[in-house]
Amino acid sequence: MSNEKIIKIDGVEYVPKGSVKAEKKKNMEYKIVRTYSAGVFAGYVESRKDREIVLRDARRLWYWDGAASLSQLAEEGVSKPEQCKFPCEVDRVELLEVIEILNCTKKAKDSISNVKVWQK
């Protein structure tokens, strides 16, 4: 937060809204997570214990096109974002029965983030 403006009032330091979240995410890795029955999610790993994981700023990857598998999606992202069905991002999701965790490249993360929010 070296570039952040800190305000001090009555000896208490305050930072702009969102600053802590941005700083915290610097230390988190962006992953694609597949669960046994809840589907596939992409987000920042806040914590993991055994087969449970907490993701922040997470999107459910309900349907994707332009990647043959989750492995390709994690490496290259999607080549047909207009065909993908990724609902809105949620602040936090706790996932149980995790069966696969894939590292995401920056290219893949940006691709997933740029898919238009799918809604009904």
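Numbers at a glance
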read-out	value
In the stretch 94-120, residue surrounded by the fewest Cβ atoms within 10 Å (Cβ to Cβ) [restricted to those that are part of a helix (DSSP H, G or I) and of a type in the set (A, V, I, L, M, F, W, C)]	Ala108
Residues within the stretch 33-66 that are more than 15 Å from Ser113 (Cβ to Cβ) and aliphatic (A, V, I, L, M), tallied	6
Positions within the stretch 62-84 being in a loop (DSSP other than H, G, I, E, B), among the hydrophobic types (A, V, I, L, M, F, W, C) and closer than 13 Å to Asp110 by Cα, in sequence order	Val78
Selection from the stretch 41-61 of residues that are under 12 Å from Cys104 (Cβ atoms) and either touching a His at 6+ places or on another chain (Cβ under 7 Å) or of a type in the set (Val, Ile, Thr) (or both)	Val45
Pair list, Cβ under 9 Å, 6 or more apart: the stretch 73-89 residue on the phi > 0 side of the Ramachandran plot and surrounded by 16 or more Cβ atoms within 10 Å (Cβ to Cβ), other residue among the hydrophobic types (A, V, I, L, M, F, W, C) and at pLDDT below 95	Gly77/Ala67
Counted residues, the stretch 40-61 - those being under 14 Å from the mean Cα position of the chain (by Cα) and part of a loop (DSSP other than H, G, I, E, B)	1
Considering residues of the stretch 37-66 that are aromatic (Phe, Trp, Tyr) and within 16 Å of Pro87 (Cβ to Cβ) only, the residue surrounded by the fewest Cβ atoms within 10 Å (Cβ to Cβ)	Tyr63
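The values are calculated or read from the model by the stated rules, or taken from the named source; none is laboratory data. Given the structure is predicted, the values throughout are model-derived calculations rather than measurements. As a convention, Cβ positions derive from the backbone with ideal geometry for all residues, glycine included, and neighbour counts pool all protein chains shown.
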